[in-house]
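The values are calculated or read from the model by the stated rules, or taken from the named source; none is laboratory data. Quick caveat, the model's predicted, so the values are computed rather than measured. Glycine also receives a Cβ, built like all others from the backbone with ideal geometry; neighbour counts cover every protein chain displayed. These area figures cover heavy atoms from the full protein model, side chains too; ligands, DNA and RNA do not enter into them. Shrake-Rupley method; radii C 1.70, N 1.55, O 1.52, S 1.80 Å.
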Amino acid sequence: MRLIRIDDIAPAPWKNGGGVTREIALCADDRGIAWRLSAADVARAGPFSAFPGLKRVLTVIGGDGLKLRHAGGVIAARPGEPVRFDGDTPIDCELEGGPVRDFNLIYDPARHAMDVVRLAAGAHDVRGVGLLPLGAGAMVDGVEVAAGTFALFEGAAETRATISASALLVTRN
């Protein structure tokens, strides 16, 4: 297991100037992105980048939330609640009450079945790509994982996690 503190990752500014992204982990090859995990600091309203052919799961982890507007309506992105949408859907976001930090999974559905699920406080046997504690830390296989730190499992078949408040688990089949 590798621990990745999000605030230690150098931020990359968005082309539209509306925020920055910190890339937590990337699995890519000559065919492009298989999957990518990142955290974004959204400073102002504006359009999202397009990721044609990919799926996205976005979870607000700081701030009051986002309204994700698209041709078919609005997706309400509330703190701690993963929302899913196609990467090629044109999205324009509106901040709910100020700047937001969100956690993002972008993946190729032709190569992987992935998701982000919220786990409640307590002990869990988990498997997947990794875990991000929310609000308070967690213990993963006896190792403390502080809030704001992503635990990348790196091939572990099953992991034991004791979560203090709640956490986001990235799954992959």
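A few remarks follow.
- For the stretch 61-129, the gyration tensor built on C-alpha atoms gives an oblate shape. Its axis ratio a/c (a ≥ b ≥ c) is at least 1.5, and a/b is not larger than b/c.
- Three-way shape call for the stretch 1-52 based on the alpha-carbon gyration tensor, with the a/c threshold at 1.5: oblate
- Using a Förster distance of 35 Å, the FRET efficiency for R127-D86 (Cβ separation, nearest 0.05): 0.85
- The length gained on full extension between D141 and A110, counted as 0.36 nm times the residue separation minus their Cα-Cα distance, comes to 8.0 nm.
- The relative contact order of the chain, computed from alpha carbon pairs under 8 Å that lie at least 6 residues apart in sequence, is 23 percent.
- The distance separating the Cα centre of the stretch 77-113 from that of the stretch 7-21 comes to 16 Å.
- Distance between modelled label sites at K15 and R31, nm, 7 Å Cα→Cβ extension: 2.5
- Simple rule: put +1 on each Lys or Arg Cβ and -1 on each Asp or Glu Cβ in the chain, find the dipole, and look at T149, G32, H70; the Cα lying farthest toward the positive end is H70.
- Charging the Cβ of each Asp and Glu at -1 and of each Lys and Arg at +1, and nothing else, the dipole of the stretch 1-93 about its Cα centre rounds to 120 debye.
- Shape category assigned to the chain from the gyration tensor of Cα positions, a/c cut at 1.5: prolate
- Summing Lys and Arg as +1 and Asp and Glu as -1 over all other residues whose Cβ lies under 15 Å from the Cβ of D125 gives a net charge of 0.
- For a paramagnetic label modelled on K67 (point 7 Å from Cα along Cα→Cβ), amide N atoms under 14 Å away belong, within the stretch 90-108, to 92-98.
- Accessible area of the stretch 70-159 belonging to carbon and sulfur atoms, whole % at 1.4 Å probe: 51
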